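I have placed the structure first, in the form of structure tokens, so that the comments after it can refer back to it.
The values are calculated or read from the model by the stated rules, or taken from the named source; none is laboratory data. This structure is a prediction, so every number in the text was calculated from the model and none was measured. Glycine also receives a Cβ, built like all others from the backbone with ideal geometry; neighbour counts cover every protein chain displayed. Each accessible area value is taken on the protein alone, full model and side chains, heavy atoms only, with ligands, DNA and RNA left out. Shrake-Rupley method; radii C 1.70, N 1.55, O 1.52, S 1.80 Å.
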Amino acid sequence: MRLQAPRGTFDVLPGDARRRLDLQRNAADVLGRAGYGPFETPIFEDTELFARGVGEATDIVQKEMFTFEDKAGRSLTLRPEGTAGVCRAYAEHGMHKLAQPVKLWYWGPFFRHEAPQAGRFRQFTQVGAEALGSDDPSLDAELILLLAELIELAGAGPARLRVSSLGTPETRAAYLEELTTYLRAREGELSEDVRERLDQNPLRAFDADHPGTRAVMEAAPRLLDRLDPADADHFAAVRDLLDRAGVQYDVDSTLVRGLDYYTRTVFEFESQRLGAQAALGGGGRYDRLVEELGGPATPGVGWAAGIERILLAAEDARDARVADVFVAIAKPESGGSAFLMTQRLRQEGLRVVMEQAGRGMKGQLKQANRVGARATVIVGDGIDVKDMDSGDQRAADSAEAAVQMVRETVG
Ligand code: HAM
């Protein structure tokens, strides 16, 4: 029997792998320019980190973790998200002693045991950015702008941006009590799922598809109307910066994120091109998380985005170009010269492939088109350079003259 990749996982084939690498380079560039440095944490962590960090009542912890025991009987979990690990590392390495804020970005595999469907996998890839050690609203706004830029650069726009504020745990606790009382009084109209978890997480009711629940939620009290003045001011400052930067967004008080660590700002980018799994990326502030994990009181804010979803949304913008230049071999004895020409052109920083499958000239020109080459260098008794867009073919006096002609053609 032929073996297959496990359900909800996938192989990254060369075309997609290239697009992912481009995205990773964009992330390194865009985030690097804003002062975010690359960072890595382990792919598995103690299960307790996620139970405490992400929250016992969340779907992630209750249903979606890949948890296993090591040989000593310790419970480990494949990371379902990156923020808890970053905060653990911040506390573990005493990063509060560094100049604040500490700004980090990461890229790597994450694991959630969800029902696979388009855009939803059991192993997926996130790019994420976190800023720890400051509650300055400019960080919230900066991070939102950075994610918007990455989505735009990937060709995955337009994306709808929703923002909200969840306040502090204290306001939230008082609000949750108010909401629970409100929901309890209307229990009969709610879905079974919402009813069962009413005490654990009544906010999830805002997320429900169930028509009865939705009707009840229309008139439910909203947390945004209950924020204390400091949180309301913080949210106003974030919005002001977004407005001044010309960012389009909707304030959506029903925005619920699937993780329990958030305080104050939360946000999510949704693609207008994807179906059910439209969330390209999201995040928010988590001003209590480092402390909850045993570190010093440290505010933090960040986001993560799903690479597979960004690439799905950018599908139309697919660019099949593998090479700028194709080096063709006009007669078998010219193989060595063609090889050297290929190396020479690569030194120019160009992407260059040469004929390596024994094709005839017609087949080679077809291959040049297939890889997206804009110029083909034909090495035989002499050297010719063919402009693949116009079809013009000219002879070069020397190898160096050919290099110059290629540069002019490729631009
Ligand atoms: P999250 O919203 O759970 O946030 O995940 C971020 C993004 O990861 C989602 O918007 C989605 O694009 C992608 N994603 C999540 N699950 C899957 C899946 N099963 N298949 C494919 N893509 C998926 C977090 O993980 C937080 N750590 C974000 C954050 C960072 N908040 C503060 N800092």
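Cβ-Cβ distances below 6 Å connect the following pairs, each with a first residue in the range 207-226 that is without any contact (Cβ under 8 Å) to a residue 24 or more places away in the chain, a second residue that is among the aliphatic types (A, V, I, L, M) and surrounded by 13 or more Cβ atoms within 10 Å (Cβ to Cβ), and a separation of six or more residues or different chains: Ala208/Val194. Going through (1) assigned by TED's automatic domain parsing to the domain that holds Leu161; (2) open to solvent by 60 Å² or more (accessible area, probe 1.4 Å) one by one, Leu340 falls short only on (1). Does Glu308 fit the bill of being assigned by TED's automatic domain parsing to the domain that holds Ala89, assigned to a helix (DSSP H, G or I), open to solvent by 10 Å² or more (accessible area, probe 1.4 Å) and at negative phi? Here the answer is yes, as Glu308 does meet what is asked. On the stretch given as the range 257-267, residues that are open to solvent by 30 Å² or more (accessible area, probe 1.4 Å) and either more than 8 Å from the ligand (Cβ to nearest atom) or of a type in the set (S, T, N, Q) (or both) total 2. Per the conditions (1) acidic (Asp, Glu); (2) part of a helix (DSSP H, G or I); (3) under 22 Å from Glu130 (Cβ atoms); (4) open to solvent by 20 Å² or more (accessible area, probe 1.4 Å), the sole criterion not satisfied by Asp231 is (4). Every test in (1) in contact (Cβ under 8 Å) with a residue 60 or more places away in the chain; (2) open to solvent by 40 Å² or more (accessible area, probe 1.4 Å); (3) assigned to a loop (DSSP other than H, G, I, E, B); (4) of a type in the set (Asp, Glu) is passed by Glu81 save one, and that test is (2). Among the residues of the range 118-133, which ones are near the ligand (Cβ under 9 Å from one of its atoms) and farther than 29 Å from Tyr90 by Cα? Across the range 118-133, the qualifying residues are Gly119, Arg120. Checked against the criterion of being of a type in the set (S, T, N, Q) and in contact (Cβ under 8 Å) with a residue 40 or more places away in the chain, the candidates Thr376, Thr409, Thr342 yield just one match: Thr376.
Return the total of residues in the range 84-98 being closer than 24 Å to Leu147 by Cα and open to solvent by 50 Å² or more (accessible area, probe 1.4 Å).
Qualifying residue count, the range 84-98: 1.
If you go through the range 7-32 and keep only what is more than 12 Å from Leu311 (Cβ to Cβ), within 14 Å of the ligand (Cβ to nearest atom) and open to solvent by 40 Å² or more (accessible area, probe 1.4 Å), you end up with Arg7, Thr9.
Residues checked against (1) open to solvent by less than 30 Å² (accessible area, probe 1.4 Å); (2) at pLDDT 95 or above:
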| site | (1), (2) |
| --- | --- |
| Gly336 | no, yes |
| Arg351 | no, yes |
| Gln356 | no, yes |
| Ala368 | yes, yes |
| Val371 | yes, no |
| Gly382 | no, yes |
| Val403 | yes, yes |
| Val406 | yes, yes |
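If you take the residues in the range 113-128 that are more than 17 Å from Arg20 (Cβ to Cβ) and of a type in the set (A, V, I, L, M, F, W, C), which one is most open to solvent (accessible area, probe 1.4 Å)? By that ranking, first place goes to Ala118. Taken residue by residue, the range 15-31 has no member that is among the charged types (D, E, K, R) and in a loop (DSSP other than H, G, I, E, B). Could you check, for the range 165-175, whether at least one of its residues is farther than 20 Å from Leu289 by Cα and either assigned by TED's automatic domain parsing to the domain that holds Ile60 or exposed (fewer than 15 other Cβ atoms within 10 Å of the Cβ) (or both)? No, because not a single residue in the range 165-175 is farther than 20 Å from Leu289 by Cα and either assigned by TED's automatic domain parsing to the domain that holds Ile60 or exposed (fewer than 15 other Cβ atoms within 10 Å of the Cβ) (or both). Selection of the range 268-324 for residues being of a type in the set (Asp, Glu), more than 9 Å from the ligand (Cβ to nearest atom) and either out of contact with any strand residue (DSSP E or B) (no Cβ under 6 Å at 6 or more places or on another chain) or more than 23 Å from Ser165 (Cβ to Cβ) (or both) yields Glu291, Glu292, Glu315, Asp316, Asp319, Asp324. Tell me yes or no: at least one residue of the range 177-186 is open to solvent by 50 Å² or more (accessible area, probe 1.4 Å), touching a residue at least 24 places away in the same chain (Cβ under 8 Å), touching a Pro at 6+ places or on another chain (Cβ under 9 Å) and within 22 Å of Ala57 (Cα to Cα). Checked against the condition, which is being open to solvent by 50 Å² or more (accessible area, probe 1.4 Å), touching a residue at least 24 places away in the same chain (Cβ under 8 Å), touching a Pro at 6+ places or on another chain (Cβ under 9 Å) and within 22 Å of Ala57 (Cα to Cα), the range 177-186 yields at least one hit. Pairs meeting the criteria (first residue in the range 38-63 and in the same structural domain as Ala89 (by TED's automatic domain parsing), second residue within 12 Å of the ligand (Cβ to nearest atom) and open to solvent by 70 Å² or more (accessible area, probe 1.4 Å), beta carbons under 8 Å, at least 6 apart or on different chains) are Lys63/His113. Just one of the listed residues (Ala156, Ala205) is surrounded by 17 or more Cβ atoms within 10 Å (Cβ to Cβ), assigned to a helix (DSSP H, G or I) and not hydroxyl-bearing (Ser, Thr, Tyr), namely Ala205.
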